[in-house]
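The values are calculated or read from the model by the stated rules, or taken from the named source; none is laboratory data. Computed from a predicted structure; not experimentally measured. Using ideal geometry, Cβ is built from the backbone for each residue, glycine included, and neighbour counts are taken over all protein chains shown.
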Amino acid sequence: MRHPPDRTRVKLLSTLLATQPAQLPWTVLARNTAAVVLPLVWGIGSGNVLAGIAISIGALVTMYSDQPGPYRERLTRLLAVSAAGGLATFLGLTLNHHLPALLLASLAIGFFGALLVAFGDAIARVGMTSMILLVIATDLPAPTLAAALQLTAEVIAGGVLLTLFSIAAWPLQRYGPERAALATVYRGLAAMARAGTSNDGSSLELTSAMTDLQHTLLGPHRARGPVMDYFGVMLELAERIRLELIALGVPAADARIGPLVQHEAATVLDAIAGAIMAGGDPSLSMSGALQALHSAERRAAGRQETSLPSAPWRHLQALSGQLAAASRNAARATAQGAKRAVAEDRQLPSALRPQSSRAVFTASLTPRSAAFRHAIRTAVCFSLALWLGRILPIKHGYWLPMTVAIVLRADYAATLSYGLLRMAGTVVGLVLTTALVLVLPANAWIHLAVLAALCAGYRYLGNVHYGAAVACLTGLVVLLLAFVGERPEPTVIARLVDTVLGSIVALAAYGLWPTWEKGRARDMVAQSLQAYATYLASIATGSAPERHAARQGARVARINAEASVKRLLAEPATPPALVELAQSLLTNGNRLARAIMTLEALIPQHGSLAGGAAVKSLVLEGATALREVADALSAQRAPGQLPPIRTLQRHLARSLEAAPSNGTAGELVGTCDRVVDSIDTVAHIVSRATSPALITQPT
């Protein structure tokens, strides 16, 4: 009798062998490699080999922080990595012979460095770089304060050199495939709107286009970046627009509504598609089409609404709101749009900015925060590994805490795979490079050429296969040490032991404090929706301290939900449907949070408006609807009957249009529309996510 293969072994093997497509532009690869190799060229040529190595180390540990993003964001991030790395280097050099003080420094750097995971992976690399340089510095010779300052300056210089290379080679406009796929879908929606009831032919093409778009935006090979959030919102809006067009295309629809859909709505959809493809500001090209749609809608609304069939009228209202939301978000689905969003956030009071660094940091300083728990785990393990590296009779004991800093991640699955791949990569890298050093001629320039190839391989393979990247990194380090006369053979066993011990420490931390996300991610996202509902209600009824507390609670819930979804994506055998559900809810939840924060900033300016009571009613009913959606998500059921928030929003818009104002009534109407549309979208996502494939029990 044949037994089925062990699933655990199969998953483990697939984890070790899994690769991702390379997404690194050749320009980034070239400039990163040059920043590491050129200081060594200068050092060898001028006789300052140690200085060249220090500068190369500074560039090497900063390398993976060279990520896509706006000019100022990239510059700030790289300089922050360089400065933090310089501080950690100085502490490692000066505290090297004072173990208690060094352990205290490692606790602080480990905690605050790991806490940066709350700001995303790019910023988290600042903390990892600091931990790595702290322990590397303990193995560098610095007999005097002047020598320590010189080495620190050289390490910082390496980071600054890489920064200069990065900002000098600004990449071309990105997201071309995503924009093309998104524009195809919106053109298909426009064709569907014009076809009306005769949309069978275009429906199949649109279905295929939307499937391709889902694979592009949500598939395993998707791109990363802030603009991708807006692409996700545009995908969700496209799906809802399609449903409304289907409802309005039935023969029972009122004859007066059909022309609005076939002409004005189709024109708006075409304008959206053109703006997405152009990658610019679509406000001018879409303003005329939107005004025509709203004018036609007002003409229809001016008649007796009771004479219009209730269902088609309701679907037309929903379609109009979704088109307006799609028009707004199309302006964000570009690199320039992401910059405009940041600029608009800066117009809000600092406490209300969605990405306020101070608020995010403060919200993370609580045991309820996943980032806080990760920081505690990292600080303890990093310091323990540093202590073991100092007391064990192993040469180059800094490899042990360095392994912990690299391997220990915010989720178990990533820590397990990184630990195993680091051990495998270290073995391969040490064996192959040691053999290579013994075979190659004793020529510094030949060794430098091999080092450049290994550096390029390390950078290129970093996102493709971590084990292969570690093999290149290990070989690179062996060659760096060979430049100062250290033979690789005596330290091979020591490095292997340090790597294994460091990985064991990291894995043991999760063995004692395990966390799995398959059974938690849904509840974490539901908790974030509940927190948004509490925050939304506090705007209508809460005092300033109550609004502040609700806002902080929403921040903590959002940070936890984002961290949970990231861990969910890293775990093996996660159902694809659950991944899509979590990502869609997270993206649209963030859109809702931004709208609520804007609403909080606007409401005090409209306290004397006639629509004040209508605003309060809309906000409270919206909070009630959001709570029901969150409860349904936790219970894995479809939401029950929701309050008529879209109708309330329409009444609010009419009352504000008729009432005197200080010129900002339109902004309030638009913000309330965004709140309602976001809640409706989240409700729609939850209502379609009740199939058995999405019901996951905790493991």
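If you go through the stretch 382-394 and keep only what is buried (at least 17 other Cβ atoms within 10 Å of the Cβ), of a type in the set (A, V, I, L, M, F, W, C) and closer than 18 Å to Leu140 by Cα, you end up with Leu386, Trp387, Ile394.
Within the stretch 432-486, the set of residues being among the aromatic types (Phe, Trp, Tyr) and either in contact with a His (Cβ under 6 Å, 6 or more places away or on another chain) or farther than 21 Å from Val28 by Cα (or both) comprises Trp445, Phe483. Summed over the stretch 135-170, residues that are in contact with a Lys or Arg (Cβ under 9 Å, 6 or more places away or on another chain) and buried (at least 20 other Cβ atoms within 10 Å of the Cβ) total 5.
Each row is one residue, and each column tells you yes or no for (1) outside the structural domain of Val497 (by TED's automatic domain parsing); (2) surrounded by fewer than 20 Cβ atoms within 10 Å (Cβ to Cβ); (3) of a type in the set (Lys, Arg); (4) at pLDDT below 80.
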site	(1), (2), (3), (4)
Arg358	yes, yes, yes, yes
Ile376	no, yes, no, no
His396	no, yes, no, yes
Ala413	no, no, no, yes
Tyr418	no, no, no, yes
Thr433	no, no, no, yes
Asn443	no, yes, no, no
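Residues in the stretch 676-699 that are out of contact with any Gly (no Cβ under 6 Å at 6 or more places or on another chain), modelled with pLDDT of 65 or more and not in a loop (DSSP other than H, G, I, E, B): Val676, Ser678, Asp680, Thr681, Val682, Ala683, His684, Ile685, Val686, Ser687. Within the stretch 566-587, track down each residue that is surrounded by fewer than 22 Cβ atoms within 10 Å (Cβ to Cβ) and either under 27 Å from Gly419 (Cβ atoms) or at pLDDT below 75 (or both). Listed by number, the residues that qualify are Lys566, Leu569, Ala570, Glu571, Pro572, Ala573, Thr574, Pro575, Pro576, Leu578, Val579, Gln583. With respect to Val629, is the statement that it is part of a helix (DSSP H, G or I), modelled with pLDDT of 85 or more and not polar (S, T, N, Q) true? Considered against the rule, which asks whether it is part of a helix (DSSP H, G or I), modelled with pLDDT of 85 or more and not polar (S, T, N, Q), Val629 comes out as yes.
Here Glu73 passes the criteria (1) modelled with pLDDT of 90 or more; (2) more than 26 Å from Thr474 (Cα to Cα) except the one numbered (1). Being without any contact (Cβ under 8 Å) to a residue 60 or more places away in the chain and either in the same structural domain as Val565 (by TED's automatic domain parsing) or among the small types (Gly, Ala, Ser) (or both) is a property that Ser106 lacks. So, in the stretch 82-101, of the ones that are over 27 Å from Leu162 (Cα atoms) and part of a helix (DSSP H, G or I), which residue ends up modelled with the lowest pLDDT? Restricting to residues being over 27 Å from Leu162 (Cα atoms) and part of a helix (DSSP H, G or I), the top hit is Leu99. Scanning for something in a helix (DSSP H, G or I), at pLDDT 80 or above and polar (S, T, N, Q), does the stretch 150-161 turn up at least one residue? Yes - at least one qualifying residue is present in the stretch 150-161. Per this entry, Val497 is counted among residues that are part of a helix (DSSP H, G or I) and at pLDDT 80 or above. Of all the listed residues (Leu448, Leu496, Leu454, Leu480), the sole one being surrounded by 19 or more Cβ atoms within 10 Å (Cβ to Cβ), touching a residue at least 40 places away in the same chain (Cβ under 8 Å) and assigned by TED's automatic domain parsing to the domain that holds Arg377 is Leu480.
With respect to the numbered conditions (1) closer than 17 Å to Gly52 by Cα; (2) at pLDDT 85 or above, which one is the sole condition not fulfilled by Leu104? Looking at each condition in turn, Leu104 falls short on (1).
Table: residues versus (1) in a helix (DSSP H, G or I); (2) small (Gly, Ala, Ser); (3) over 31 Å from the mean Cα position of the chain (by Cα); (4) within 30 Å of Thr587 (Cα to Cα).
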site: Cys455; (1), (2), (3), (4): yes, no, no, no
site: Gly475; (1), (2), (3), (4): yes, yes, yes, no
site: Val492; (1), (2), (3), (4): yes, no, yes, no
site: Ser503; (1), (2), (3), (4): yes, yes, no, no
site: Ser528; (1), (2), (3), (4): yes, yes, no, yes
site: Ala533; (1), (2), (3), (4): yes, yes, no, yes
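Condition check: in contact (Cβ under 8 Å) with a residue 40 or more places away in the chain and of a type in the set (S, T, N, Q). Does Asn463 satisfy that?
When the stated conditions are applied, Asn463 passes them.
Condition check for Gly622 on (1) modelled with pLDDT of 70 or more; (2) farther than 23 Å from Ser543 by Cα; (3) not hydrophobic (A, V, I, L, M, F, W, C): one failure, at (2).
Listed by first and then second residue, the pairs with beta-carbon distance under 8 Å, at least 6 apart or on different chains, first residue in the stretch 527-554 and not assigned by TED's automatic domain parsing to the domain that holds Gln636, second surrounded by fewer than 24 Cβ atoms within 10 Å (Cβ to Cβ) and part of a helix (DSSP H, G or I), form an empty list.
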